[in-house]
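Worksheet for the structure shown next.
The values are calculated or read from the model by the stated rules, or taken from the named source; none is laboratory data. Quick caveat, the model's predicted, so the values are computed rather than measured. Positions of Cβ are generated from backbone atoms using ideal geometry, with glycine treated the same way; all protein chains shown enter the neighbour counts. Only protein heavy atoms, including side chains, enter the accessible area calculation; ligands, DNA and RNA are left aside. Shrake-Rupley method; radii C 1.70, N 1.55, O 1.52, S 1.80 Å.
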Amino acid sequence: MKIIAVGRNYSEHAKELNNPVPASPVIFLKPDTAVLKDNKPFYYPDFSTDIQYELEVILKISKEGKHISEKFARTYFDEIGLGIDFTARDIQQKHKEKGLPWELAKGFDNSAPVSRFIPKTSFADLYNLNFRLELNEKRVQEGNTKDVLFSFEKLIAYVSQYITLKKGDIIFTGTPYGVGKVNIGDRLCGYLENEKLLDFEIK
Ligand code: ZN
């Protein structure tokens, strides 16, 4: 499986990192070795001193597809959950300045903690989902899927023009405002509509 992620899908977050709001989705990949499941602890890597959390709503692809039209895109995922797109911001910043790719800043081992998945049919409206992140029981990020710049269907349609989606692939749909640093000893809890899906420690 692979992880497909979108940068800058919430305008307030694009602004906080001084990035322009994009005209088309900014896409990057994380390898399968980035996945961290079952709320296992995240071990702080020694190549960075600025690991930042980005809480995101994630979609699990339910069947293979390419050149998917936006109209049918919703039939290509049936479960959603929460994920953290851990980012080595210091490495990303250096690479951005030189115009280099982000892989090492975004795709390192365990950089994608993912929650269990919930059937999308459990939610009345996929575009009115509140989600939030607590760092040591203090709320640090809060978003609502109504604020996405590119809908889930648009992301699926766009990506599948270039990359075949396969059953089991995960799409990270972008982070809202409020990204920040983690430190060893921190505890992160992620909530989707008041259900706690993520709860793990930084070690
Ligand atoms: Zn992200």
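Things worth noting here:
- Any chance I58 is within 16 Å of the ligand (Cβ to nearest atom) and either within 30 Å of I184 (Cβ to Cβ) or assigned to a loop (DSSP other than H, G, I, E, B) (or both): yes
- Residue match in region 100-116 (condition: within 17 Å of the chain's Cα centre (by Cα), in a helix (DSSP H, G or I), surrounded by 13 or more Cβ atoms within 10 Å (Cβ to Cβ) and among the hydrophobic types (A, V, I, L, M, F, W, C)): yes
- Region 22-53, subset open to solvent by 50 Å² or more (accessible area, probe 1.4 Å) and within 15 Å of the ligand (Cβ to nearest atom), residue nearest to A112 (Cα to Cα): L29
- Residue in region 128-143 that is under 17 Å from the mean Cα position of the chain (by Cα), open to solvent by 70 Å² or more (accessible area, probe 1.4 Å) and under 27 Å from P41 (Cβ atoms) present: yes
- Test: residue in region 166-173 that is in contact (Cβ under 8 Å) with a residue 24 or more places away in the chain, of a type in the set (G, A, S) and surrounded by 15 or more Cβ atoms within 10 Å (Cβ to Cβ): no
- Looking across A112, A105, A73, one residue alone is in contact with a Lys or Arg (Cβ under 9 Å, 6 or more places away or on another chain) and over 26 Å from F200 (Cα atoms). It is A73.
- Residues satisfying the criterion are absent from region 119-126 (criterion: closer than 26 Å to F47 by Cα, open to solvent by 60 Å² or more (accessible area, probe 1.4 Å) and more than 15 Å from the ligand (Cβ to nearest atom)).
- Single residue of region 1-21 satisfying the filter (among the hydrophobic types (A, V, I, L, M, F, W, C) and within 16 Å of the ligand (Cβ to nearest atom)) that is modelled with the lowest pLDDT: A14
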